[in-house]
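Enquirer: Pasting a structure below so you can have a look.
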Amino acid sequence: MEDESSNQGLLVTVQGLGGSPLDPPPLQFASGGDHHESKKPMLVLFTDDGRRGASLPVTGFPDLQPQAPVLPAKMPMPKLTRPRSIRSLDRLQPCQRHPLSVDFEEIGWSGWIISPRGYNAYHCKGSCPFPLGENMRPTNHATVQSIINALKLSEGVSSPCCVPDKLYSINLLYFDDDENVVLKQYDDMVAGSCGCH
C-alpha cells in the first residue's frame, strides 16, 4: 500500500461446517519461504460489487452467505513486533536441529575429560503437525500416530515427537580409573539430524 494509514486490516474468522465459530481456531499463518502444496495459503472472499442479485448463494453453508461485514469504525492494527512467548514460537516451528553447546566443566566432567573442553551436541525442537511431510523424516509409526491424533480416534494419543533420528560419535581424551590417559570414541553423542517419531 502506498498510504499505510488507509489500511483497514483484515478480519479472519474460522467456522465449522455447521457455522459455529471454532475456538481456538485451528489456524496458523505461514510466513515466507516455500511450503508444501497442502500448506500454501488460500483466501476465499465474498464481496459486493454494488449490483443487486449479483452474489451467488453458497450451497451447503447457510451461515456463509455473502453479507456486508460488521467492523468497528477504526480497527486496531496489530503490532508486528509484539513479543510472543517462547513456547508459542516453538510450537509453530517445524521439527529441526538446533545448537546445544556442552561445556564439560559446567556439567562436572572436567575432572576426568582432558579434551575436548566441550562440543556441540545439538538438540531437536519443534512441532510435528499433521500431515507429516517427508521433510520431517517420519517413521511409519509416527505417520499412523499423527493420523490417530488428528482424528482424535484414541484418547491420550499425542502428536509424534521431534527427536534425533541420526546420532554421531565424538572422540574423548580422558583419565580412566587408574589415571591412564585414554582416547576413546563415544557413540551417540551428537544429534546429526531430527525427525518426527
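Enquirer: Assuming R0 = 22 Å, can you tell me the calculated FRET efficiency for the pair residue 169 and residue 93, based on Cβ-Cβ distance, to the nearest 0.05?
Expert: FRET efficiency, residue 169 to residue 93: 0.20.
Enquirer: How many nm is it between the label spots at residue 186 and residue 139, if each spot is 7 Å from the Cα in line with the beta carbon?
Expert: About 2.5 nm, to one decimal.
Enquirer: If we count every other residue with Cβ under 11 angstrom of residue 194's Cβ, Lys/Arg +1 and Asp/Glu -1, where does the sum land?
Expert: Around residue 194, the charge tally is +3.
Enquirer: Let me ask you something else. Regarding the range 89-196, what is the average projected area of its C-alpha convex hull, in nm²? Numbers along the way, then the final one.
Expert: Numbers: hull surface 35.0 nm².
So the mean shadow area of the Cα hull is 8.7 nm².
Enquirer: In nm, to one decimal, how far is the modelled label at residue 179 from the one at residue 125, with both set 7 Å along Cα→Cβ?
Expert: 4.2 nm
Every number here is computed from the coordinates shown, using simple stated rules; none is lab data. Values in this document were obtained by computation on a predicted structure and should not be read as measured data. Positions of Cβ are generated from backbone atoms using ideal geometry, with glycine treated the same way; all protein chains shown enter the neighbour counts.
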